[in-house]
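Derivation of every value follows stated rules applied to the coordinates shown; laboratory data play no part. Just so we're clear, the structure is a prediction, and the values are computed from it rather than from any experiment. Positions of Cβ are backbone-derived with ideal geometry, glycine not excepted, and every protein chain shown enters the neighbour counts.
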Ligand code: PNS
């Protein structure tokens, strides 16, 4: 029997409860879920790819069919290399839609064998983003509703700007 493999890509700078909700739901839908810490040329990241991989590992230790990798090339090529048939992404507000639609169509053009699936975000994560978490942490705010306890201090240590 063939194994259904999906990839869940993103910057994850850092991973949040919003990402983790999508990851745990996607992990139930596929035999194997590969979380890909990928390069987004439009973003300047606060954590190295290795740090982001480590943070995701800490937060997904209970998910046995999840693998976390860092990949710097085209996602469509990585999906082909790994035999993945789906790219899973979370959709928050309408503001995500155009950008995600553009990426989905581009990936389909580059690799016609891979489908992009969108999972609607849980309502409590509708306005949650990594950049919001970093902004709150930089000002000493409470990020406990946005990221798991196991990575909270890692984020504060990197982001908090002492006055
Ligand atoms: O979390 P993000 O920053 O919205 O994720 C965007 C990401 C990293 C998934 C996207 O930039 C990406 O797929 N990068 C890998 C390079 C690639 O394949 N680019 C073409 C995408 S259409």
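Some points to look at:
- Over the chain, the ratio between the Cα radius of gyration and 2.2 N^0.38 Å evaluates to 1.02.
- Summary of the geometry: the stretch 106-134 and the stretch 35-100, compared by the centres of their Cα atoms, lie 10 Å apart.
- Relative contact order, whole percent, for the chain stands at 27, derived from Cα pairs under 8 Å and 6 or more residues apart.
- Average 1/r across all pairs of distinct alpha carbons in the stretch 1-42, invert it, and you get the Kirkwood radius: 11.1 Å.
- Kirkwood-type hydrodynamic radius, the stretch 1-76: 12.7 Å, calculated from all non-identical alpha-carbon pairs.
- The P(r) of the stretch 76-163 has a tail past 21 Å containing 50 percent of all C-alpha pairs.
- Compactness relative to 2.2 N^0.38 Å, alpha carbon Rg of the stretch 66-127: 1.20
- Protection proxy ranking, highest mean first, for peptides 107-118, 78-89: 78-89, 107-118, where packing is the per-residue count of other beta-carbon atoms within 10 Å, averaged.
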